[in-house]
Amino acid sequence: YNGIEPWAIERELQEYDEADLIDVCSTFAYETFRTRGIPAEKLLLSPLGADLSLFHPVPKLDAVFRVLYVGALSMRKGIRYLLEALETLNLPNFELTLIGSVLDEVKPLLERRAINVKILGVLPRSMLHHYYANSTVLVLPSVEDGFGMVMAQAMACGVPVIATTNTGARDLYTDGVEGFTVPIRSPEALREKILYLYHNPEVRQGMGKAALQRIQAQNGWDAYGKFMVDKYQSLLK
């Protein structure tokens, strides 16, 4: 893993310096700018939502406890920690499904996996709600993720979420109500929460219902669009 090219970092820092306003899509991202000395008045916090016309519940077709990951399979997204969390588990009726492009940096990890996993690659957005709804929990183990839109999409399909603190999770759900929030780089914490949901079906069902209600109450992209249009109009004045 080679990280981000220095020229790209330099360009972004120059853009931040020249901007009148920086739009950030999560409290996590907001706090990273503040800790680097960016004044609050230069930041606009605007968490994203989900397209409720595209992401919605459908009946689950089986009784498999299915852990779902959606996104690029990369080190930045923490896929290694999810694999480590599950590699020692030997549970009946249990499956891991990975959806997204596979980066070269994680191919060796996937080749030596020791769990029941399906790698489906990149799928059209129009198909994703079927995979969300046929999963038991979405896990987003990112080390750094400005806002994981897949969390909102899963919640809109009635699926609880386990995500790290560095994903924008706190802007979407309350820890212990619609899902769980765990530290970064902690396969132990991921394993603990996955096992808890595996052994407590009534809890995961309740969390799924709460997740759907929470995301519907936020009104998805319509609420986000109105917020941004109002903000742009006020800035132009």
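Return a yes/no flag: does segment 33-40 have any residue that is within 23 Å of Phe227 (Cβ to Cβ), open to solvent by 40 Å² or more (accessible area, probe 1.4 Å) and in contact (Cβ under 8 Å) with a residue 40 or more places away in the chain.
No, segment 33-40 has no match at all.
I want to confirm something. Restricting to segment 120-146 and keeping residues that are more than 10 Å from the chain's Cα centre (by Cα) and β-branched (Val, Ile, Thr), which single residue is surrounded by the fewest Cβ atoms within 10 Å (Cβ to Cβ)? Before you say what the answer is, go through the steps one by one.
Looking only at segment 120-146, we keep the residues that are more than 10 Å from the chain's Cα centre (by Cα), and these are 120-137, 143-144.
Subset that is β-branched (Val, Ile, Thr): 122, 136-137, 143.
On the way: Val122: 9, Thr136: 22, Val137: 22, Val143: 17.
Filtering segment 120-146 for residues that are more than 10 Å from the chain's Cα centre (by Cα) and β-branched (Val, Ile, Thr), the one surrounded by the fewest Cβ atoms within 10 Å (Cβ to Cβ) comes out as Val122.
Which numbered condition trips up Met149, out of (1) more than 13 Å from Tyr69 (Cα to Cα); (2) open to solvent by 40 Å² or more (accessible area, probe 1.4 Å); (3) under 9 Å from the mean Cα position of the chain (by Cα)?
Condition not satisfied by Met149: (1).
Leu52 - would you say it is assigned to a loop (DSSP other than H, G, I, E, B) and surrounded by 15 or more Cβ atoms within 10 Å (Cβ to Cβ)?
On the way: assigned to a loop (DSSP other than H, G, I, E, B): yes; surrounded by 15 or more Cβ atoms within 10 Å (Cβ to Cβ): yes.
Yes, satisfied.
Give me a count of the residues in segment 152-177 that are within 14 Å of the chain's Cα centre (by Cα) and over 23 Å from Tyr224 (Cβ atoms).
1
Just checking, does segment 178-191 include any residue being farther than 18 Å from Lys77 by Cα and under 15 Å from the mean Cα position of the chain (by Cα)?
Residues of segment 178-191 that are farther than 18 Å from Lys77 by Cα, as a first pass: 178-179.
Keeping just the survivors that are under 15 Å from the mean Cα position of the chain (by Cα) gives 178-179.
Yes, because at least one residue in segment 178-191 is farther than 18 Å from Lys77 by Cα and under 15 Å from the mean Cα position of the chain (by Cα).
Across segment 76-117, what is the total count of residues that are over 17 Å from Leu195 (Cα atoms), in a helix (DSSP H, G or I) and open to solvent by 30 Å² or more (accessible area, probe 1.4 Å)? Don't jump to the end; show me each part of the working.
Restricting attention to segment 76-117, the residues satisfying the condition of being over 17 Å from Leu195 (Cα atoms) are 76-80, 98-114.
Restricting the remaining residues to those that are in a helix (DSSP H, G or I) gives 79-80, 104-111.
If we keep only those that are open to solvent by 30 Å² or more (accessible area, probe 1.4 Å) too, we end up with 80, 104-105, 107-109, 111.
Residues that pass the stated criteria total 7.
Pro57 is checked against (1) in contact with a Cys (Cβ under 6 Å, 6 or more places away or on another chain); (2) open to solvent by less than 30 Å² (accessible area, probe 1.4 Å) and fails just one. What number does that condition carry?
Single failed check for Pro57: (2).
Tell me which residues, restricted to segment 1-27, are in a helix (DSSP H, G or I), closer than 20 Å to Lys231 by Cβ and open to solvent by less than 60 Å² (accessible area, probe 1.4 Å). So that I can check it myself, show each step before the final result.
Of all residues in segment 1-27, those in a helix (DSSP H, G or I) come to 6-18, 27.
Keeping just the survivors that are closer than 20 Å to Lys231 by Cβ gives 15-16, 18, 27.
The one that is in a helix (DSSP H, G or I), closer than 20 Å to Lys231 by Cβ and open to solvent by less than 60 Å² (accessible area, probe 1.4 Å): Thr27.
Might you let me know whether segment 220-229 holds any residue that is at pLDDT below 95 and of a type in the set (Lys, Arg)?
The answer is yes, given that some residue of segment 220-229 is at pLDDT below 95 and of a type in the set (Lys, Arg).
The values are calculated or read from the model by the stated rules, or taken from the named source; none is laboratory data. The shown structure was predicted, so the numbers you read here are calculated from the model rather than taken from an experiment. Methodologically, a virtual Cβ is constructed for each residue, glycine included, from the backbone with ideal geometry; neighbour enumeration extends over all protein chains shown. All accessible areas refer to the heavy atoms of the entire protein, side chains included, with ligands and DNA or RNA removed. Shrake-Rupley method; radii C 1.70, N 1.55, O 1.52, S 1.80 Å.
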